[in-house]
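The values are calculated or read from the model by the stated rules, or taken from the named source; none is laboratory data. Since the model is a prediction, treat every value here as computed from it, not as a measurement. Cβ atoms come from the backbone with ideal geometry, glycine included; neighbour counts cover every protein chain shown. Ligands, DNA and RNA are excluded from the accessible area calculation, which covers all protein heavy atoms including side chains. Shrake-Rupley method; radii C 1.70, N 1.55, O 1.52, S 1.80 Å.
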Amino acid sequence: MKPESTTMLVNRLVSRTEDREKVFQAVAEKERFGYTFENANASLELLIARILNGKKLPFAVASYHVSIRGSMEDGARNGHVCEASIKVRVSGAEFFEVSDGNGPVCALDGAIRLALSKSRLPCLDSIKLVGYSVGLVAGTAVGTDAKTYVQITTSNGPVVWSTAGVSENVIEASLLALVDSLEYAFMVQTKK
């Protein structure tokens, strides 16, 4: 997906003036919180669908837990283990899974995919996380108390899209971007 300015994308996707006003109001609210959609057009498309069509997530994250254990003794920089557990709801059913990974986002991604694979949602095998970046939201607290902005780039082969998440907690921001990424993947698959 080629990045497109927020204004251009909203104007292209939303034809009615009243609807555009609702969307721009929601975008402004998200931007005050720290979101930017210039390089996260998939999150913007999902926001538009939620506002105009009442689109709901095909799944909901009920709870999650991430743990990291490691050792820095004797320069052992790779002696760590990351594990994530997640409970998701799909059409009233709950699915709980645990996964490990080389980092907390990798572990979360693995756990959510395992949980969703047990549901009746379309397969996620071709969906790959291909980019991940974190930054501090300007104008918020400084240092480790600042809000973080996470951008995830995902691909299913022919289509590439980017999503965003914002939170004071980098893991939560990552999960928000990851959930948008998977929701967009489902939306792309159902358009076929």
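Odds and ends about this structure:
- Estimated FRET transfer efficiency (His80, Thr17; beta-carbon r; R0 45 Å; 0.05): 0.30
- Inter-label distance, nm, simple model (7 Å from Cα along the C-beta direction), Gln25/Ser71: 5.8 nm
- Projected area averaged over orientations for segment 81-186, convex hull of C-alpha atoms, nm²: 7.2 nm²
- Relative to the longest principal axis of the Cα atoms of the chain, helix 17-33 runs at roughly 30 degrees.
- Taking the Kirkwood radius as Rh and the Cα radius of gyration as Rg, the chain has a ratio of Rg/Rh equal to 0.99.
- For segment 140-192, taking Cα atoms only, Rg and Dmax work out to 13.3, 45 Å respectively.
- Accessible-area composition of segment 13-97, carbon plus sulfur, in percent [1.4 Å probe]: 47 percent
- Furthest towards positive pole of dipole, Asn102, Leu44, Cys82, structure part segment 1-105, Cβ charges: Leu44
- Solvent-accessible heavy-atom area per residue, rounded to whole Å², over the chain at 1.4 Å: 54 Å²
- Out-of-range pairs (alpha-carbon distance over 29 Å; input Lys30/Lys87; Lys30/Lys118; Lys87/Lys128): Lys30/Lys118
- Column: log10 I(q)/I(0), Debye, Cα scatterers of segment 2-73, q = 0.20, 0.27 Å⁻¹: -0.87, -1.29
- Solvent-free Debye scattering, log10 I(q)/I(0), computed from the Cα coordinates of segment 32-120 at q = 0.17, 0.20 Å⁻¹: -0.87, -0.99
- Unit charges on C-beta of K, R, D, E only; dipole of segment 122-192, Debye: 300 debye
- Taking every DSSP helix (H) stretch of at least 4 residues in the chain, weighting each as -39,500 (n - 2.57) and dividing the sum by the residue count yields a mean residue ellipticity at 222 nm of -12500 deg cm²/dmol.
- On full extension, the segment bounded by Asp100 and Phe33 gains 21.0 nm, given 0.36 nm per residue less the C-alpha separation.
- Each residue, Met187 and Thr144, gets one label point 7 Å from its Cα in the Cβ direction; the gap between the two is 3.6 nm.
- Nitroxide proxy distance, nm - points 7 Å out along Cα→Cβ at Arg89 and Arg50: 1.6 nm
- Nearest-ten-degree value, helix 104-117 long axis tilted from longest Cα axis of the chain: 70 degrees
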